[in-house]
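Participant: Before we start, here is the structure in question, set down as C-alpha cells.
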Amino acid sequence: MPDEPVLSVRGLRKLYGAQAAVDDLSFDLLPRRSLAIVGESGSGKTTAARMIVGLERPTAGTIVACGRDRSSPARSGAERKRRGREVQIVFQDPYSSLDPRQSGAALIDEVLRVHHDHDATGRRRITDELAELVGLDQRQINASPRDLSGGQRQRVAIARALATDPRVLILDESVAALDVSIQAQVLNVLADIRDERGISYILISHDLAVVRQLTDDAVVMRKGEVVEQGPTGKLLDNPQHPYTRMLRASVPGPGWKPTRSVRSVERGTATTL
C-alpha cells in the first residue's frame, strides 16, 4: 500500500479584500519527500506557508496534516500543541525569530518543556543531540544569537523547530540570506536530517538551484495561481509554462555577466538593456 500523504492541500485560497493572494493551490506531500513552492516576491508562496502552519486562516480550501483537518484555527491550547508537533516553520531571518535574551540551548529547552514530558536531564540530552544533528558545538548552542554567525543562528532555528519532532518542516526562504558556502552546509544538514528522521519538507524559495538540490517535487506560483507543478528535475529541465521558463532562464550560468533585462512573461521574450 502506498504511503499516505503527511500533508494534503486542496483548493487553498486566501483573499485580502478582493485580491486573491493564493487561488486554488492543491498538492500532496508524502513522508520523506520534499516539495518546493516557487515564485517571485508577491507570488503567494509565503502566504501559502503561513496558512499551512496556521498563522493565516484560509478563505477557502482544506489543509489535512497527519490525517487531521487543520483548515480552521486551533480551538484550544492542547490542539495548538498537537499541531506544533505535526508542522513547524523556519523563517528567513533567524535573528528576528530568536529571542536575543536566550541561548540556543534555552530556546530548545523551552520548546521541549511545552511539547514533551521530559525531566531536566532528558531535555539536556535531547538539546545536545539536536545541536550535534545541526552541526553546533557546546559553545555555539550555549551562546546568545548575537554572538553567532547567520548560518549558526539558522541552525539554532532549525534545531528549535525539530525539538517538537514534527512530521513536516516548512522552510520559508530559510537559506536565502546566507553566503553560498554556508547555504550549502545548511542544505546538507537538512538532507541528512531527512535521511535520519524521515521528516518531510516544504521549501518556499525563488532560488532554483536550492530547489533542485533539496526537493523532489515543485509547484510554481505566479500572482497567487499555480502555473505549473511536477517532479522538480523534469520541471526545471523541461519547463512548459512561459513563467517557469523565465525563472529557469534567470539562473546565472557559466560566463554569466550582469545585464538589465525587461521580460514579457506572456510572450516569453527578453530585451537586454
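None of the figures in this text is laboratory data; all of them are computed from the coordinates on show. Keep in mind the model is a prediction, meaning the values are calculated, not measured. In this analysis, Cβ positions are derived from the backbone assuming ideal geometry, glycine residues included, and neighbour counts consider all displayed protein chains.
Participant: Within the range 152-207, how many residues are among the hydroxyl-bearing types (Ser, Thr, Tyr), in a loop (DSSP other than H, G, I, E, B) and under 24 Å from residue 246 (Cα atoms)?
Facilitator: Here is the first cut: in the range 152-207, the ones among the hydroxyl-bearing types (Ser, Thr, Tyr) are 164, 174, 181, 200-201, 205.
Still in the running and in a loop (DSSP other than H, G, I, E, B): 164, 174.
The next check asks that each one be under 24 Å from residue 246 (Cα atoms); those that pass are 174.
Qualifying residue count, the range 152-207: 1.
Participant: Would you point out which residue out of 130, 169, 136, 190 is over 16 Å from the mean Cα position of the chain (by Cα), crowded, with 20+ Cβ neighbours inside 10 Å and under 26 Å from residue 82 (Cβ atoms)? Before the answer, list the steps.
Facilitator: Values: 169 fails: over 16 Å from the mean Cα position of the chain (by Cα); 136 fails: under 26 Å from residue 82 (Cβ atoms); 190 fails: over 16 Å from the mean Cα position of the chain (by Cα).
After ruling out the rest, the residue left standing is 130.
Results for (1) under 15 Å from the mean Cα position of the chain (by Cα); (2) over 21 Å from residue 194 (Cβ atoms); (3) surrounded by fewer than 18 Cβ atoms within 10 Å (Cβ to Cβ); (4) of a type in the set (Asp, Glu), shown as yes or no for each residue.
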site: 4; (1), (2), (3), (4): no, no, yes, yes
site: 7; (1), (2), (3), (4): yes, no, no, no
site: 12; (1), (2), (3), (4): no, yes, no, no
site: 74; (1), (2), (3), (4): no, yes, yes, no
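Participant: Residue 122 versus (1) in a loop (DSSP other than H, G, I, E, B); (2) of a type outside the set (A, V, I, L, M, F, W, C); (3) surrounded by fewer than 18 Cβ atoms within 10 Å (Cβ to Cβ): which is the lone unmet condition?
Facilitator: Failed condition: (1).
Participant: List the number of the failed condition for residue 191; all other conditions in (1) within 23 Å of residue 152 (Cα to Cα); (2) in contact (Cβ under 8 Å) with a residue 40 or more places away in the chain hold.
Facilitator: Status for residue 191: all satisfied but (2).
Participant: Another question, if that's okay. Please determine, by comparing only the residues of the range 71-115 that are among the hydroxyl-bearing types (Ser, Thr, Tyr) and in contact with a Pro (Cβ under 7 Å, 6 or more places away or on another chain), which one is farthest from residue 149 (Cα to Cα).
Facilitator: Quick first cut of the range 71-115, residues among the hydroxyl-bearing types (Ser, Thr, Tyr) only: 71-72, 76, 95-97, 103.
So of that shortlist, the ones also in contact with a Pro (Cβ under 7 Å, 6 or more places away or on another chain) come out as 71, 95.
Details: 71: 37, 95: 10 Å.
Here the residue is 71.
Participant: Still on this model: Could you list, ordered by first residue, the pairs with Cβ atoms under 6 Å in which the first is in the range 86-106 and over 12 Å from residue 153 (Cβ atoms) and the second is among the basic types (Lys, Arg) and surrounded by fewer than 20 Cβ atoms within 10 Å (Cβ to Cβ), at least 6 apart or interchain?
Facilitator: Final answer for the pair search is 86/167.
Participant: Residue by residue through the range 9-52, note down the ones that are part of a strand (DSSP E or B), among the hydroxyl-bearing types (Ser, Thr, Tyr) and out of contact with any Gly (no Cβ under 9 Å at 6 or more places or on another chain).
Facilitator: 16, 34
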